[in-house]
Number of protein chains: 4
Amino acid sequence: MAGNTFGTLFKLTTFGESHGKAIGGILEGCPAGLPLDLEAVQRDLDRRRPGQSAIVTQRKEPDTVAFYSGIFEGKTTGTPIGFAIHNTNQKSKDYSHIKDSYRPSHADYVYDQKYGFRDYRGGGRSSARETASRVVAGAIAKQFLGEVKFTAFVSQVGALKLDTPYQELDFSTIETNPVRCPDPKTAKAMEDYIKKIKKEGDTIGGVITGVIQNVPVGLGEPVFDKLHAALGKAMLSINAVKGFEYGSGFSGVQLKGSEHNDPFNTDGTTKTNNSGGVQGGISNGMDIYFNVAFKPVATVLQGYETIDKEGNVVQTKGKGRHDPCVVPRAVPIVEAMAALVLADFALLARGNKM
Amino acid sequence: MAGNTFGTLFKLTTFGESHGKAIGGILEGCPAGLPLDLEAVQRDLDRRRPGQSAIVTQRKEPDTVAFYSGIFEGKTTGTPIGFAIHNTNQKSKDYSHIKDSYRPSHADYVYDQKYGFRDYRGGGRSSARETASRVVAGAIAKQFLGEVKFTAFVSQVGALKLDTPYQELDFSTIETNPVRCPDPKTAKAMEDYIKKIKKEGDTIGGVITGVIQNVPVGLGEPVFDKLHAALGKAMLSINAVKGFEYGSGFSGVQLKGSEHNDPFNTDGTTKTNNSGGVQGGISNGMDIYFNVAFKPVATVLQGYETIDKEGNVVQTKGKGRHDPCVVPRAVPIVEAMAALVLADFALLARGNKM
Amino acid sequence: MAGNTFGTLFKLTTFGESHGKAIGGILEGCPAGLPLDLEAVQRDLDRRRPGQSAIVTQRKEPDTVAFYSGIFEGKTTGTPIGFAIHNTNQKSKDYSHIKDSYRPSHADYVYDQKYGFRDYRGGGRSSARETASRVVAGAIAKQFLGEVKFTAFVSQVGALKLDTPYQELDFSTIETNPVRCPDPKTAKAMEDYIKKIKKEGDTIGGVITGVIQNVPVGLGEPVFDKLHAALGKAMLSINAVKGFEYGSGFSGVQLKGSEHNDPFNTDGTTKTNNSGGVQGGISNGMDIYFNVAFKPVATVLQGYETIDKEGNVVQTKGKGRHDPCVVPRAVPIVEAMAALVLADFALLARGNKM
Amino acid sequence: MAGNTFGTLFKLTTFGESHGKAIGGILEGCPAGLPLDLEAVQRDLDRRRPGQSAIVTQRKEPDTVAFYSGIFEGKTTGTPIGFAIHNTNQKSKDYSHIKDSYRPSHADYVYDQKYGFRDYRGGGRSSARETASRVVAGAIAKQFLGEVKFTAFVSQVGALKLDTPYQELDFSTIETNPVRCPDPKTAKAMEDYIKKIKKEGDTIGGVITGVIQNVPVGLGEPVFDKLHAALGKAMLSINAVKGFEYGSGFSGVQLKGSEHNDPFNTDGTTKTNNSGGVQGGISNGMDIYFNVAFKPVATVLQGYETIDKEGNVVQTKGKGRHDPCVVPRAVPIVEAMAALVLADFALLARGNKM
């Protein structure tokens, strides 16, 4: 399996399945001499952690990260940072209900087809549990990037949509509610709706909006590695993501060029920001903002009909503790992936000029 | 500048600026022994060519590709395929109107900031002219993939939207109108609208829908190189693209899991296809379909105010021959990038099993 | 720090310093469905282990590998194999003798210059301890490659040289003596010589010869990734290596073409093998054989003069338990790196033809 | 075919066969703003050119490089530098003597086995003609590196060996004789010997010594991409190379650690330089020096017996114009590859520290 590495210079490689002994990763390329706040890393992990509120999965996973290398006397040494999160929750259970049957819209069927067999205990490598490693690396990337500020929040759950422009929102309220929506009223409506969906044994999709502020001018590598292309890939690599748009996005297609163009101020900033902080694939110093669409979680706690390995129709039922809506816990993952993208481009940009 | 390479095994590297002597590329990794139909390659290039209809730029660029290596006696040899498209249109012109001023929502400003200076004759490396090299490589990728069928068409121009599900469209009509929209009535409305926009000296955005059929099961490399993530990056790397969604996309966030899940048929196909042919980042054999949002072209043939290198406000006016709407000519580019993604994953998939 | 990854498809990334909590790695790309003999992996690790005989370092490191992922029910799953070797020997010690002074011909000085500071407890990332991770991955590569047989042995220690052609040696005797030299008489002389060197508090260099048998025809990727170029890099990346030659090597420069050329047998094999199993960078099915030169270990247990961080001359003395001669323990490392090279090329070769 | 790319940031990709329309490449990553002396590039190409003296092949190939992109107003723009060298010598000839038979110690057999067929007109992709592209890129790398000085010279032809330490040689004499040996007397002997070998229709091997001076401290990326490992791979990727050693090399294995270690001066330089300018894979600022062994060219102008595709024994005879000894023309190639290695590490080193 290729595809376990993200980034060219600031580079994360991850390992681990949902029900194995540990997940973890190796982060290469973080420059030497960065004082690391390891508690800040753990804080981001805690924001992704199961069991943190009533509207997320009630699984118990403390998700404590252990660092093995690359840090000495509180600072990065320039050598690879190896880390692991041990699975404390690992026990032999009865997997017979999923071992031989394929859950609809999960990766069970395609893994079996691709690799010939699979670790059938949960999602294996396709489980969102893998994203915990990304949060660890992303938290380090944030510290490397210093002034650059990464904010993500839930802007839609089902049909409940927060339409306020991000500039008018108070980001300090994001972590004050379990949905991570910076509008208390909408947050409450979303929370209630998720609880209702959960009670039905069902799940619901949502949208996360990301905002990156204080971005240096000049990040992004045309032509294939445009900043927004790398950002899009980063987001689309998160479990359950179905779409990505930045700046004016899908709604921008209805604008004329004369309306969509962002006129310059004399300092090189722009009066409007339909570009979303990126022009020609390169950051222009304005805020980068984007939306990420998440489908509803595939595991529903209802009975359903599906097939087994031999193609026989079987009756089964979802069980266990699952997220009724994935977006609240995905907020730190969106931030982490955004930070990994920018950290990599920040290092690449060191090669721009003589 | 990093970022000129696309793919891991089936790998394209491109070079060239809009006003240089030539653009071109090197395609590595195409297996040996593929009989190449070079006329089919040129046909795809012709679909991207300027001057092909009244609603695209009237520049004259024949865009004839010359192959330098990697092909012998009509077949690929397994060695890298070097090719170039010489610029026949290259002449010394008066660039004074753009040399020192920054066109809004172009890459002029960011290139100058990133690299210290730039080739100011047109868009340089940020010009969409570079995509001709992608079309060449993509046309070879299509031939490598054989049965896999790539179709792209214009599904929206401004607010004019084709809402018919792709399954109900007659793809054979796509190339029968200059817009490349497989619904004659909508195509005519779009064409008229683009002509109107052009007359205003303005531009308009649009959406291209892509459909990939006869996809083998098992393509895509979790976790970071999920099939749809690579596809999204490929599309977002095309000039003017602002968004990407696949399967149920942004509208899927409003569905419940019980509605969104795709139940299996006994042969492993699914009854519905909200997944868009990809589950867990791996193709499941169903059609892959996706939407790509293009912003309006930034060059408007109207007077406007902008700044020069020193930050002075200057009055200028767009001139030359530009596309009023980019989507008709971008259709073969979308196909090409999709084919490059699948060709790479097809080669990577050869390593799946013992 | 870049450079922690080896391979393109069969790909190892390692982490860890000599005195950190753990070293380890992530092995990607091993195809799914390979039954893994984990005891064979541990056996190779044991051959590299300190303390295994009187002529190697007497440090106590059991070097037990723990696998975290990628293996299920005894077989590889196709997902990345994460593993770690915990340092059981980690304790706070007095490092004052090396903290501020630079040991000659060690990496202390260059690490400080490159990164600004370093983990001064032992060699840090430049320690040969890192190679244990390579042995783990190489042992898996051997199993992946099945019939291909990797043999390495000590062919020279100081001026004591085994001149017998490898074809006339009995490889089964390699592991019967602590030097790993397949000639009992020479082995005894080498062993005695190493003991004498050790008694002097000094160290001595040596040569390891590698032989790869049953190699499939067609491995190696011209032009930059020729089989022998990748093999050479693999060997030169091992600590203390100063030279690499394959086939006729340095002595081949004295031959005429008419003498050096290897005439064909009618089955495509060759009557002689000056080519060393590689022609034009591609394996031809004959044995691959090569020599790897190792310098004497830099840590001598004698007093010497050196400088500290401020450039002051200081008197110091090597202490601790170090190898008087590195080659006996490097034998499994040479095999491991050779196996990693061939495993990667074996996967790449799956893309050769349509 | 993978393997056509060299470098991570300062990155060259080449294309082209010996008898195709053109060879060439794309050089990515050269920072913007480097004033390029294109005549200096052509001068290095001329040093590699056939027909330059009586002891090299008498083929006529002017080898004029055309640059297509990445350079504007005399300076690099930061965008990829595309270039091509057109084959002026291309004509339809009679290849029947090599079409179906396999020349011993050439790549004919392995290419046919690997790819199923090959471009049988000369060496195809395995021809040393490909190295012209490396010389172009290497010449740019030299200019990028400024003060770093690359020198290569012939130090051995057959058994004729120049034993003088490089420090005692006058490098200004290298280009004053056709052998490129900086000792007039030895050069004359080598020249005479090569002429004699040529008259016999035979070929002979040789050694090139490379010296890199004014190297910044801190280049090289442990652990797998040690400076000398990358350098070794670079050299071993040149056609006909059989071995590489640096610093004390193979002779260093006979030294004791107390003799081999390089004591520090108080400024961080070392009193001796057995390390060859590299410690722990990182440059220490001392001269880097190394030897590269070249086998005799396989094409001998004598009759010989070989096999054809069907395994039948056939009588044939080498013809055409070939080098009796490859080393004089390989001198600029060795320099070029060394420069590519250092340019890449120079860019990577920009990421070392915060």
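Read-outs throughout are calculated quantities, based only on the coordinates presented, and are distinct from any laboratory measurement. Since this is a predicted model, take the numbers as computed values, not measurements. Don't worry about glycine lacking a Cβ; one is built from the backbone with ideal geometry, like all the others, and counts go over all protein chains shown.
Within segment B:7-72, which chymotrypsin sites (Phe, Trp or Tyr not before Pro) sit in a loop by DSSP and count at most 14 neighbouring Cβ atoms inside 10 Å?
Of the chymotrypsin sites (Phe, Trp or Tyr not before Pro), not one in the loops of segment B:7-72 has a Cβ with at most 14 other Cβ atoms within 10 Å.
Based solely on its DSSP helices, what 222 nm [θ] is calculated for chain C when runs of n ≥ 4 H residues each add -39,500 (n - 2.57) and the sum is averaged over all residues, nearest 500 deg cm²/dmol?
Theoretical 222 nm ellipticity from helices: -7500 deg cm²/dmol.
Defining the label point at 7 Å along Cα→Cβ, can you sort the distances from residue C:59 to the same site in each other copy, shortest first, in nm?
In ascending order, 3.8, 5.2, 6.2 nm.
In chain A, with Lys and Arg counted as +1 and Asp and Glu as -1 at Cβ, which of these residues, A:282, A:2, A:197, has the Cα nearest the positive end of the dipole, that is, farthest along it?
A:197
Quote the FRET efficiency, to the nearest 0.05, computed for residue D:200 versus residue D:73 with a Förster distance R0 of 56 Å and r equal to the Cβ-Cβ distance. Don't skip to the end; give the middle numbers.
On the way: r = 53 Å, r/R0 = 0.95.
Working from the Cβ atoms, E equals 0.60.
Per the Cauchy relation, a quarter of the hull surface: what is the mean projected area of the convex hull of the alpha carbons in segment C:5-351, in nm²?
19.0 nm²
If neighbour count is taken as other Cβ atoms inside 10 Å, put D:299, D:306, C:266 in order from fewest to most.
Exposure proxy ranking, most exposed first: C:266, D:306, D:299.
Between residue A:21 and residue A:308, what's the calculated FRET efficiency when r is the beta-carbon distance and R0 is 22 Å? Round to 0.05.
The value I calculate is 0.20.
Might you report the magnitude of the Cβ-based charge dipole of the protein assembly as shown about its Cα centre, with Lys and Arg at +1 and Asp and Glu at -1, to the nearest 20 debye?
About 0 debye.
Just to confirm my numbers, what's the Cα centroid distance between segment A:147-205 and segment D:112-134 in Å?
With segment A:147-205 and segment D:112-134 each reduced to a Cα centre, they are spaced 60 Å.
To the nearest 20 debye, what is the magnitude of the charge dipole of chain D about its Cα centre, counting +1 on the Cβ of each Lys and Arg and -1 on the Cβ of each Asp and Glu?
Numbers: 42 positive and 38 negative charges, 178 e Å.
My answer is approximately 860 debye.
Going down the table (B:142/B:226; C:271/D:295; B:142/B:256; B:114/D:233; C:11/C:295; C:256/D:256), which pairs top 26 Å between alpha carbons?
Violating the 26 Å limit, Cα to Cα: B:142/B:256; B:114/D:233; C:11/C:295; C:256/D:256.
Build a GNM of chain D with springs between Cα atoms under 10 Å: which of D:159, D:139, D:240 gets the top mean-square fluctuation?
Of the options given, D:159 has the highest mean-square fluctuation.
Looking only at GluC sites (Glu not before Pro) in DSSP loops with at most 10 other Cβ atoms within 10 Å, what is the longest site-free stretch of chain D?
Details: sites that count: D:73, D:147, D:310.
Here the longest run is D:148-309.
How far apart, in nm, are two points set 7 Å out from the Cα along the Cα-to-Cβ line at residue D:269 and at residue B:60?
6.5 nm
Per residue, how much space in cubic angstrom lies within the convex hull of the C-alpha atoms of segment A:190-292?
131 Å³
Shortest first and in nm to one decimal, what separations exist between residue C:272 and its copies in the other chains, measuring from label points 7 Å along the Cα-to-beta-carbon line?
Distances to the matching label points in the other copies: 3.7, 7.3, 7.8 nm.
As a test of the definition: which semi-axes, in Å, follow for segment D:241-354 when you take the square root of five times each eigenvalue of its alpha carbon gyration tensor? Largest first, please.
Largest first, segment D:241-354 gives 43, 19, 13 Å.
Among the trypsin sites (Lys or Arg not before Pro) in segment D:214-306, which ones are in a DSSP loop with at most 12 other Cβ atoms within 10 Å of the Cβ? Mind listing them?
Those satisfying the criteria are D:271.
How many angstrom separate the Cα center of segment D:1-54 from the Cα center of segment C:281-302?
Using only Cα atoms, the two centres lie 31 Å from each other.
Can you give me the distance in nm between label points at residue A:259 and residue D:189, each placed 7 Å from the Cα along the Cα-to-Cβ direction?
Here the modelled spin labels are 8.5 nm apart.
If you take each beta carbon of peptide D:127-139 and count the beta carbons of other chains within 10 angstrom, what is the mean?
Mean number of neighbouring Cβ atoms from other chains: 1.
Take the Cα of residue D:170, step 7 Å along the line toward its Cβ, and report every residue of segment D:180-203 whose backbone nitrogen sits under 17 Å from that point.
D:180-189
Using a 7 Å offset from Cα along the direction of the beta-carbon, what are the separations from residue A:189 to the same position in each other copy, nm, ascending?
Nearest first, the other copies' label points are 3.1, 9.0, 9.4 nm away.
Using the membrane-span-like helix rule (whole DSSP H runs, Cα extent along the own axis of at least 15 Å, mean Kyte-Doolittle hydropathy at least 0.5), which helices of chain A qualify?
Details: long enough: A:38-48 (16 Å, -1.26); A:131-145 (20 Å, 0.86); A:184-199 (22 Å, -1.22); A:327-348 (32 Å, 1.70).
Long hydrophobic helices here: A:131-145, A:327-348.
What residue in chain C has the Cβ closest to the axis turning C into A, and how close is it in whole Å?
C:13, 2
Return one quarter of the surface area of the convex hull spanned by the alpha-carbon atoms of the protein assembly as shown, equal to its mean projected area, in nm².
Over every viewing direction, the Cα hull of the protein assembly as shown projects on average to 48.2 nm².
On a full-extension model of 0.36 nm per residue, what is the gain between residue D:40 and residue D:117, subtracting their alpha-carbon distance, rounded to one decimal in nm?
Net length gain for the segment: 23.8 nm.
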